[in-house]
Amino acid sequence: MTEPLINFQNVSFSYSPDRPVLCDCNFRLEAKERIALVGANGSGKTTLLHLIVGLLRPSSGCIEIFGKARHMEADFHDVRPRIGLLFQDSDDQLFCPTVAEDVAFGPLNLGIKREQVRQIVSQTLTELGLAGYEHRITYRLSSGEKRLVAMATVLAMNPDVLLLDEPTSALDDQTKQRLLEVLSRLPQAMILVSHNREFREELTNHTLFLSHGRIEAA
Amino acid sequence: MSSVIQPARNAHPWDFISYIDPRARILAAVIFSVTIAAVHGFTTLVIALAASLIATFFSGMSWKTVFKRLLPLNTIMLLLIILLPISSTGKIMATIGPISFSQEGFLLAIRIALQGNAIMLAILILLGTMEINTLGHALSHLRVPDKISHILLFTIRYLDVLHREYLRLRAAMKVRGFRPSINRHTYRSLGYLLGMLLIRSIDRSERIMAAMKCRGFRGRFYLLEHFTFHFCDLYFCLASVLILLTMLAVERI
């Protein structure tokens, strides 16, 4: 058996000592696995995703990613390009003035040459049905377009794992369908946080529940 | 969607200015403004204003818009034209009752009005017609410190988001019957509104930072867009230099 992509061992986390969010949480994501994560509002789903990419540090326990224990900020530098996190609010993710620059931001950070980045940008946008959006101004896009562009910024880094935080929130049925088509074509392993049952069933193999700081199988 | 930042440009057959390299436009605007502020001769200033007006013609901006944008400036100028002759000494031009108007003061006011309008027009035409993000990029290509151009780019990006947040909060207040008047309740509520906006923007800035880190950001920005210099830019630069030289020559005479 190959080693898991993500492995949480007895991970605990709290924003304040009197209100723990995760306690002794154990879970694994295997290669090619697609997990749906459900739980009540405020149960720690987003926190869990942020722990995976090192935006938050656990108060105890060990997080292993790609077979290596990750403790410090520097440990996560090589994790982040390989794990694409789609944020709940696309306005947080799109900060460059134009779509092309935003999609190029990640690849440029990885030190890829400009010519190649341009190619990645147009290829990623075309795959998402956003060809011709290169010079659109990000803040003038509709919320559906923003979500798709945010997806493009994540995919442009060619990650091995996708973490999707409420990808369908505030989207109309048509955009939801378009996003679903895009996501089901992708080969990556994935953790999907969504309240949308249909979306979860179409996209994932099984569902995990997060409640009282622990993860349980359905 | 209403945006708080829109460039003042609309497509027009006489719109040549928008084809010119943004870097050349910024340089021209800066040099032109500084020169106008430094010269004194009336003829020079008239030439400067004429040059600005010709540029306005080639920007395709409607005269109505130009007039509207110059109105606040000229309201102040009008005040100057009334007040300066009264407050300065010199050859008396006219007297109304106990108030006498000096010629020096009047000429000074006219000069300031000419300078103000010429500079304002130049900036309005050369910079005001630019998409603000183009301005930001051009600035960083002109080796303006990264921090300044990034602050500008981020401000552009999130001004609208914050504005919409403000409108949402205001609407939420309004539907619960809030009508501003002059009392403590109003001040307190508006204070809460401002405080909430501040907290939300700090939160948002943290989320943006997180999103940037996720995409491999480690403190350095890379620009994707590059500008290229065309022949029309050369003509624009030649024309600008010619106007500047004319102004300086006239000033020396």
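The values are calculated or read from the model by the stated rules, or taken from the named source; none is laboratory data. Since the structure is predicted, the reported quantities are computational estimates derived from the model, not experimental observations. Note: ideal-geometry Cβ built from the backbone for every residue, glycine included; neighbour counts use all protein chains shown. What goes into the accessible areas is simple: the full protein's heavy atoms, side chains included, and nothing from ligands, DNA or RNA. Shrake-Rupley method; radii C 1.70, N 1.55, O 1.52, S 1.80 Å.
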Scanning segment A:94-111 residue by residue, those of a type in the set (A, V, I, L, M) and either outside any loop (DSSP other than H, G, I, E, B) or farther than 10 Å from A:Met157 by Cα (or both) turn out to be A:Leu94, A:Val99, A:Ala100, A:Val103, A:Ala104, A:Leu108
Could you check, for segment A:160-173, whether at least one of its residues is open to solvent by 60 Å² or more (accessible area, probe 1.4 Å), more than 14 Å from chain B (Cβ to nearest Cβ) and farther than 26 Å from B:Tyr222 by Cα? yes
Those residues of segment B:206-245 that are open to solvent by 90 Å² or more (accessible area, probe 1.4 Å), more than 8 Å from every other protein chain (Cβ to nearest Cβ) and over 19 Å from B:Arg143 (Cβ atoms) come to a total of 7
Which one of these is in a helix (DSSP H, G or I) and either in contact with a Pro (Cβ under 7 Å, 6 or more places away or on another chain) or of a type in the set (Lys, Arg) (or both): B:Thr129, B:Thr155, B:Thr134? B:Thr134
Exclusive hit being of a type in the set (Ser, Thr, Tyr), modelled with pLDDT of 90 or more and assigned by TED's automatic domain parsing to the domain that holds B:Val39, set B:Thr129, B:Thr95, B:Thr75, B:Thr89: B:Thr75
Enumerate the pairs (first residue in segment A:107-130 and away from chain B (no Cβ under 12 Å); second residue anywhere and among the polar types (S, T, N, Q) and open to solvent by less than 80 Å² (accessible area, probe 1.4 Å)) with beta-carbon separation below 9 Å, excluding pairs fewer than 6 apart on the same chain, so at least 6 apart or on different chains. A:Thr124/A:Thr153; A:Leu130/A:Thr124
Which number in (1) at the interface with another protein chain (Cβ under 10 Å from one of its Cβ atoms); (2) over 17 Å from the mean Cα position of the chain (by Cα) marks the one condition that A:Asp102 misses? (2)
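What about A:Leu86, is it buried (at least 20 other Cβ atoms within 10 Å of the Cβ), touching a strand residue (DSSP E or B) at 6+ places or on another chain (Cβ under 6 Å) and either under 19 Å from A:Leu155 (Cβ atoms) or not basic (Lys, Arg) (or both)? Give the derivation first.
Details: buried (at least 20 other Cβ atoms within 10 Å of the Cβ): yes; touching a strand residue (DSSP E or B) at 6+ places or on another chain (Cβ under 6 Å): yes; either under 19 Å from A:Leu155 (Cβ atoms) or not basic (Lys, Arg) (or both): yes.
When the stated conditions are applied, A:Leu86 passes them.
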Please find, among B:Ile110, B:Ile82, the residue that is assigned to a helix (DSSP H, G or I), of a type in the set (A, V, I, L, M) and more than 21 Å from B:Glu251 (Cα to Cα). B:Ile82
Failed criterion for A:His195 (all others in (1) within 14 Å of chain B (Cβ to nearest Cβ); (2) in contact (Cβ under 8 Å) with a residue 12 or more places away in the chain; (3) open to solvent by 20 Å² or more (accessible area, probe 1.4 Å); (4) in contact with an Asp or Glu (Cβ under 9 Å, 6 or more places away or on another chain) hold): (1)
Note on segment B:12-38: residues over 19 Å from the mean Cα position of the chain (by Cα) and either under 16 Å from B:Val241 (Cβ atoms) or without any contact (Cβ under 8 Å) to a residue 24 or more places away in the chain (or both) are B:Ala38
Failed condition for A:Pro97, given (1) touching a strand residue (DSSP E or B) at 6+ places or on another chain (Cβ under 7 Å); (2) within 24 Å of A:Gln177 (Cα to Cα), with all others met? (2)
Answer yes or no as to whether A:Tyr133 is surrounded by 14 or more Cβ atoms within 10 Å (Cβ to Cβ) and at pLDDT below 90. no
May I ask you to list the residues in segment A:1-58 that are over 23 Å from A:His71 (Cβ atoms), touching a Lys or Arg at 6+ places or on another chain (Cβ under 7 Å) and of a type in the set (Gly, Ala, Ser)? A:Ala36, A:Gly39
Report, ordered by the first and then the second residue, all pairs with beta carbons closer than 9 Å, sequence separation of six or more or different chains, a first member in segment B:194-205 that is open to solvent by 40 Å² or more (accessible area, probe 1.4 Å), and a second member that is of a type in the set (Asp, Glu) and part of a helix (DSSP H, G or I). B:Met196/B:Glu165; B:Arg200/B:Glu165
Residues in segment A:63-77: is at least one surrounded by fewer than 20 Cβ atoms within 10 Å (Cβ to Cβ), aliphatic (A, V, I, L, M), assigned to a strand (DSSP E or B) and modelled with pLDDT of 90 or more? yes
Out of A:Val79, A:Val53, which single residue is under 20 Å from A:Glu3 (Cα atoms), facing another protein chain (nearest Cβ under 9 Å) and of a type outside the set (Ser, Thr, Tyr)? A:Val53
